[in-house]
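Here the structure comes first, spelled out in structure tokens, and everything after it is commentary.
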Amino acid sequence: MLLIACPWCGKRPENEFRYGGEAHIARPLDPASQDDAAWAEFLYLRSNPKGMHAERWRHIHGCGRFFNCVRDTVSDRISATYRPGETPPR
Amino acid sequence: MTGAFRTPDGGRIDRTRPLAFSFDGRGYSGLRGDTLASALLANGVHLVGRSFKYHRPRGILSAGSEEPNALVTIDRGAGRITPNLRATQLELYDGMRARSQNRFPSLAWDLGAVSNTVAPLFPAGFYYKTFMWPRVFWRHVYEPAIRAAAGLGRAPVAADPDRYLHYYAHCDVLVIGAGPAGLAAALAASANGARVVLCDEQPELGGSLLAEAASSWLRETLDTLAQRAEVTLLPRTTAFGWFPDNLVGLAQRVTDHLAHPDPQLPRERLWHVRASRVVIAAGAVERPMVFAGNDRPGIMLADAARIYLRRYGVKVGTRAVIATTDDSAYAAGVALQQAGVAICAVADPRTEASDAARASGLPLLLGASAVATSGKLRVSRATLSNGEAIACDLLLMCGGWTPSVHLYSQSRARLRFDERLQAFLPGEWTAQVRSAGACNGTFGLEACLEEGYAAGDATGVRRHYAPPLSQPTAQPAVASGKAFVDFQNDVTARDLVIATQEGFRSIEHVKRYTTTGMATDQGKTSSMNTLAIVAGLTGRPVPSVGHTTFRMPYTPVTFGALAGAARGHLFEPVRRTPIHDWAVANGAVFENVGTWQRARWFTRNGEDAHRAVARECRAVRNAAGMFDATTLGKIEVTGPDAAEYLDRLYTGSFARLAPGRCRYGVLLTEAGFVMDDGVVARLAPDRFHVTTTTGGAASVLHHMEDYRQTEFPELRVWLTSVTEQWAVIAVQGPLARQVITPLITGIDIAAEAMPHMSVREGRVGEIPARVFRVSFTGELGYEINVPADYGLAVWHEVHAAGEPHGITPYGTEAMHVLRAEKGYIIVGQETDGTVIPTDLGLDWTIGRTKRDFVGKRSLARPDMIRADRRQLVGLVAPEVLEEGAQLVADATVLPPIAMLGHVTSAYWSETLRRPIALAMLSAGRARIGQTLYVPMPDRSIAVRVTEPVTYDPESSRLHA
Amino acid sequence: MRFSVYSLMRHALGGAAWPEQWRSPEPRAAYDVVIVGAGGHGLATAYYLARDHGVRNVAVLERGWLGGGNTGRNTTVIRSNYLWDESAMLYEHALKLWEGLAQELNYNVMYSPRGVMMLAHSVHDVQVFKRHVHANRLNGIDNEWLTPEQAKAFCPPLNTSSELRHPILGAALQRRAGVARHDAVAWGYARAASALGVDIIQNCEVTAICRVPSGAVAAVETTRGRIAARKVAAVAAGHTSVVMAMAGLCMPLESYPLQALVSEPVKPVLPCVVMSNSIHAYISQSDKGELVIGAATDAYVSYSQAGGLHIAEHTLEAICELFPTFRRLRMLRNWGGIVDVTPDRSPIIGLTPVPGLYVNCGWGTGGFKATPGSGHVFAATVARGEPHPIAAPFSLDRFRTGRLIDEAAAAAVAH
């Protein structure tokens, strides 16, 4: 049960949240212009790194908002959470 | 008399409180404060169990939770039988009934012990090498025999009536272990008012101090801690696992030590403690020595014997031999000698006497070790390496100490190997986790106290204490004799030799091949000896052999405690509509849909399901029916950009949908598959009322929020779940308008004024209502939404108003039949997550002029435009088909038979007076008119492919 | 040396040392095929390459110890009653190999076809499972429908009370399905492959995949030096994304922690495997007597091999409801594996855009059951340079075309 800091509400246990997959995968502005391979890349390819991972969470049983989070997938330690539209901390 | 081996005085037992108990049916007496183990030992009972594989007689090895041998079943009556409990941890209560395990017919005469005599045939991993022929024998002969021989105690046969609870706590400092280091840490941590939780697995706090002479420090410390308001003391509570962000799981035993537990109390509580800082003061476990015959009853860890003497007032023998490599055994020897136990010899393989050895005055044999023992059901003789054979009834051993680093290791911090102690130790303190005392390699009361204080103090600094010098004890054993490394699993040093010879050199391989460390004690007494032997056998230093992972739990945790209160109807909350109780009273049979319970049909006058559903269908087709549609998901979409937003989410176009009108909406995943459907109703230019399926409501809202917040944040639109706000009463049938006309105010519901697929806001009596003219039955229909609190009242009103017209409540089954006659799909039944709109004939829902919507691009992928995709069709069949049955072109061939599709829905159509079915069929629309087959196990059913719509294809009734 | 009761007796009487089960050679400079990952699938691939395709100049490189990943961490359920033809063919191919595997490898992998029963808790479950039963029968795969009474008779401790929050409405039973001893599968394949000349190199982590200018693979860099290879086959389960990134490939994979746990051993009490997908739990009893219990994955991507306590709690809630007599039994050990999950939760077996680089991954929570079949079809794919017919539908390209093989979607819960 991770402890996750919602940027709006503060630290809350993981079961208040819903995981939302890898962050910063923007939906193409003009999907029709994408060929099948590029579209498949958007839909399915994920970096799945062993190490720092930028990912989305939603405080679904709290404020309801989506936000981003950087977590080390080896230790599960969260180093930062930030709001959508903000750039990930380095 | 509470046992012939009880000392005349001393110990922490209450000599005024005798307790009767039984073991294997025989009655004994013990004292309050005893464990089952100490009470048995006080009565001279050493034989308490049989080992797992060889069924060797076994006694009590330890005095704590590391016990591998003394496992018993406690019987508290039906449903309260608990196997595999450690006698060393069981607090005695009056009337305790304990039984030994894994023996037949009795503990002293165990037929299974025959395996001991043919043990050479069963070396490590023998079962991988045989039992292969003939092939069917594994399943039917060998495996059943192995299964019957394995296992320890028996699982209960009745359901457990006890309750278990979960607690949640937050604290500044969690201290694990209430020995001197833990107590000191708790004192320091709580000095300034910090919130502290102190837990210990034992019934009394004090740890090693409990086996010392009565100490005023302990009493005063406990008093001080008890008086501090922010301190929670939890005896009988095991910290069993560390989890990310300093969450620690504690298992608290609440009633197992009571003869007559208060039925209001739970049996156990499981605590989730989130701590800013964790201080681990879990102590250390004494190591056995590995020599032939080191497993007989009467062979015990040296310090355990001292604990039985000092804490429980029990002399565990009369003539003792001690084998040790560690100075702590001398203290035990001296204590026992003072109590009148004859110490015949101390074999210490070290060549030079330590200070402790010299000071003890015990008969010392330097450079010697134990090499063999004899005795049938108890040790009677110990043979030393100098050839001397000494008669004894007690053999004490100490191969050093293994710090309990389990929780520290789980905190994902690295361990280091300490050469002096020959053990793995925690590394540096971290912001989250500190170790203190014996589990940190710090021994000696003063050092433990000092380190404990520092660990408890937020600003405390760690000092390094040199651990006592220990030496590798376990040598690769000689071939003869069984020298046990893992007592419970009967793993001998010889097994480790075999494993390494066979190439199992990784410690994990050795563990898995020999099962060492995999018994219910999880290697607490065996792991370091295993490592030392494997290191020796493979010619590597211990650190490069490494250690196996310290998995949770530290000691076993009851399933019931982990499950907590989630049982029966608390397993998952049931959602019920406001009309539920009425439905119960009117013969409803329910089904679970998502988390909801929905009425499936209403039985009248003892009719069966078929008749009830047929009656309900007839009523809707011929007069009017009423249906509780409250469970449908409802989302209000508001804001100036609401229409644009819905255009991007749904396949359809809503920008030009007039206020007051509704449109069927299909929602796709980004991969193009149908996710959900419902009605999108425009209440105002900036306000929509959207419905979802019952099971899909939460995931649809999540999906919509995802796109709203992260992909289209520029749109001014807001989403509100209103599922629970509205009760929905569907009135369907040719007489629907007549039924509701007298009830509705403020809405002109005339056919022309309020056409099919429209919505109006008005009232039912005084109650505000949203009335939809929609239909999922193919008949003229309305869905009346009223605030949920008024749902039942309005239901009654509709029912009363409809009674003259023969209105009939109907359930989900009739709803399914009626919609299937009309060819309407149900998401999750006709669709399965692989279906796109065109498969369902729903191309018409797609807004032609829209540039994009979620899932649109995916519909252009090669596989989505294949001609042989499965498409929705109807089937004419001579009987009601089985849902899930497959469709084939030729049923006469043998498997594998090419399948063309499957039956998704199949019912008796009361309206058409024949069976109907819907199916997803490969290139189905092109096959309309063809005959296909539905193969059943015993026959094949010929079916004709039709359009999916079989009732009122012109939809004239909808528009009536 | 052949294993048998006679060899056991000879060693018992003579006391002679057993030989090594597999060689532990130093890596050679070059191999025809380098397999990355010595789990069950990788070792089986090596074995079938050597046995069926004459490709014996093979190395299996393992970062840690062989069989130490998901092979040794799963709950050992074996079944083949999958819905879609493609999956059914693959898993049935594996099941047929399981049935003779102990004899084939001369290693008792303890394949125990004691039956796998999947519980239906809703009308929707009933529809889905019956669809499976019909499809399986037409594919020649055994799977039968049981009423709640029949399910109770087959598994007496099961709680079939209609009072359950999610009552059991029936079950699908595959009698040929069952369990096996997971470690023995890795060891048996390792021993058999090693005997055919395959080099198994443990404690050898691949750190880079080297390619020639044309793009084809040429070698791998490892912690034990550079090893040249004509073909490289990645069979790295949860770590596949990491390995493929060395060749510049991004994969449609996410790695999740999957937990399992066992109880203390008790005498035989559970005769079969019971799975409940709706309330997320599955259980069997090992030959040692431990109840072996598995659950759903944790929610988030992780390589930590450990998950949250709430996952184990949620699993045991379900187990205690289904088996209320097990409530007093105790969790002895809990552990985690890292499972690589594809978007359609079916595996990827085949070629990659990099010439000479092959991949077998994405088995998610169900890889153990496929071990022999996976190795068999992947060996053929690697040897021939084109997909084995059973493997062909499981290509990487399906994510471009949209031709997914989605078993989980077929059981989607909605209405």
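Quick notes
- Odd one out for B:M552, checked against (1) surrounded by fewer than 19 Cβ atoms within 10 Å (Cβ to Cβ); (2) aliphatic (A, V, I, L, M); (3) touching a residue at least 60 places away in the same chain (Cβ under 8 Å): (1)
- Residue, surrounded by the most Cβ atoms within 10 Å (Cβ to Cβ), within the range C:271-296, restricted to residues that are polar (S, T, N, Q) and either more than 9 Å from every other protein chain (Cβ to nearest Cβ) or in contact with a helix residue (DSSP H, G or I) (Cβ under 6 Å, 6 or more places away or on another chain) (or both): C:S284
- Considered as a group, the residues in the range C:300-322 that are part of a loop (DSSP other than H, G, I, E, B) and in contact (Cβ under 8 Å) with a residue 24 or more places away in the chain include one that is most open to solvent (accessible area, probe 1.4 Å), and that residue is C:Q305.
- Test: C:A247 is within 12 Å of chain B (Cβ to nearest Cβ), open to solvent by less than 30 Å² (accessible area, probe 1.4 Å), modelled with pLDDT of 95 or more and not in a strand (DSSP E or B): no
- Only listed residue being outside the structural domain of B:Q252 (by TED's automatic domain parsing) and either among the basic types (K, R) or surrounded by fewer than 24 Cβ atoms within 10 Å (Cβ to Cβ) (or both), chosen from B:H569, B:H509: B:H569
- Cβ-Cβ under 7 Å pairs, at least 6 apart or on other chains, the range B:885-904 side in a strand (DSSP E or B), far side among the charged types (D, E, K, R) and open to solvent by less than 30 Å² (accessible area, probe 1.4 Å): B:H902/C:R131; B:T904/B:E830
- Any hit, the range C:138-151, residues being modelled with pLDDT of 95 or more, surrounded by 18 or more Cβ atoms within 10 Å (Cβ to Cβ), within 9 Å of chain B (Cβ to nearest Cβ) and more than 21 Å from the chain's Cα centre (by Cα): yes
- Filtered residue count, the range C:13-34, keeping only those that are open to solvent by 30 Å² or more (accessible area, probe 1.4 Å), modelled with pLDDT of 90 or more and facing chain B (nearest Cβ under 10 Å): 4
- Whichever residue in the range B:313-327 is open to solvent by 30 Å² or more (accessible area, probe 1.4 Å) and within 18 Å of B:A368 (Cβ to Cβ) and, among such residues, is nearest to the chain's Cα centre (by Cα): B:D327
- Which listed residue, of C:A195, C:A186, is surrounded by 24 or more Cβ atoms within 10 Å (Cβ to Cβ) and either at pLDDT below 95 or in the same structural domain as C:G68 (by TED's automatic domain parsing) (or both): C:A186
- Just one of the listed residues (B:T950, B:T931, B:T904) is more than 14 Å from chain C (Cβ to nearest Cβ), buried (at least 21 other Cβ atoms within 10 Å of the Cβ) and among the hydroxyl-bearing types (S, T, Y), namely B:T950.
- Qualifying positions in the range B:644-692 - among the hydroxyl-bearing types (S, T, Y) and assigned to a strand (DSSP E or B): B:Y650, B:Y664, B:T691, B:T692
- Whichever residue in the range B:292-312 is hydrophobic (A, V, I, L, M, F, W, C) and open to solvent by 10 Å² or more (accessible area, probe 1.4 Å) and, among such residues, is nearest to B:S328 (Cα to Cα): B:I307
- Restricting the range C:35-50 to residues that are of a type outside the set (A, V, I, L, M, F, W, C) and away from every other protein chain (no Cβ under 14 Å), the residue that is nearest to C:Y107 (Cα to Cα) is C:Y47.
- Matching residues, the range B:794-815, being open to solvent by 20 Å² or more (accessible area, probe 1.4 Å), assigned to a helix (DSSP H, G or I) and either in contact with a Cys (Cβ under 9 Å, 6 or more places away or on another chain) or not hydrophobic (A, V, I, L, M, F, W, C) (or both): B:H796, B:E797, B:H799, B:E803, B:P804, B:H805, B:E813
- Some residue of the range A:72-83 being charged (D, E, K, R), more than 25 Å from C:P257 (Cβ to Cβ), open to solvent by less than 30 Å² (accessible area, probe 1.4 Å) and at the interface with chain B (Cβ under 8 Å from one of its Cβ atoms): no
- Any chance A:W57 is surrounded by 18 or more Cβ atoms within 10 Å (Cβ to Cβ) and facing another protein chain (nearest Cβ under 7 Å): no
- Subset of the range B:907-920 that is of a type outside the set (G, A, S) and without any contact (Cβ under 8 Å) to a residue 60 or more places away in the chain - its residue that is surrounded by the most Cβ atoms within 10 Å (Cβ to Cβ): B:P915
- Test: residue in the range B:864-879 that is assigned to a loop (DSSP other than H, G, I, E, B), free of Cβ contacts under 8 Å to residues at least 40 places away in the same chain and within 11 Å of another protein chain (Cβ to nearest Cβ): yes
- Against the conditions (1) touching a Lys or Arg at 6+ places or on another chain (Cβ under 9 Å); (2) closer than 25 Å to C:T297 by Cα, C:E86 satisfies every one except (1).
- In the set B:A150, B:A124, B:A169, only one residue is within 35 Å of the chain's Cα centre (by Cα) and at pLDDT 90 or above; that residue is B:A169.
- With respect to being small (G, A, S), surrounded by fewer than 18 Cβ atoms within 10 Å (Cβ to Cβ), touching an Asp or Glu at 6+ places or on another chain (Cβ under 7 Å) and modelled with pLDDT of 95 or more, B:A889 falls outside the description.
- Scanning the range C:363-389 for residues that are open to solvent by 40 Å² or more (accessible area, probe 1.4 Å) and outside any helix (DSSP H, G or I) turns up C:T365, C:E386, C:P387, C:P389.
- Taken as a whole, the condition of being in contact with a strand residue (DSSP E or B) (Cβ under 6 Å, 6 or more places away or on another chain), open to solvent by 50 Å² or more (accessible area, probe 1.4 Å) and closer than 28 Å to A:I4 by Cβ does not apply to B:T237.
- One residue from B:A108, B:A113, B:A148 being surrounded by fewer than 21 Cβ atoms within 10 Å (Cβ to Cβ) and within 20 Å of C:F326 (Cβ to Cβ): B:A148
- Some residue of the range C:253-270 being without any contact (Cβ under 8 Å) to a residue 24 or more places away in the chain, touching a Pro at 6+ places or on another chain (Cβ under 9 Å) and either away from chain A (no Cβ under 14 Å) or under 30 Å from B:L85 (Cβ atoms) (or both): yes
- Count - residues of the range B:566-595 that are at pLDDT below 95 and either touching a Pro at 6+ places or on another chain (Cβ under 6 Å) or more than 8 Å from every other protein chain (Cβ to nearest Cβ) (or both): 3
The values are calculated or read from the model by the stated rules, or taken from the named source; none is laboratory data. Please read all numbers here as calculations on a predicted model, not as lab measurements. Note that we place each Cβ from the backbone using ideal geometry, even for glycine, and neighbour counts take in every protein chain shown. Just the protein is used for accessible areas: all its heavy atoms, side chains included, with ligands, DNA and RNA removed. Shrake-Rupley method; radii C 1.70, N 1.55, O 1.52, S 1.80 Å.
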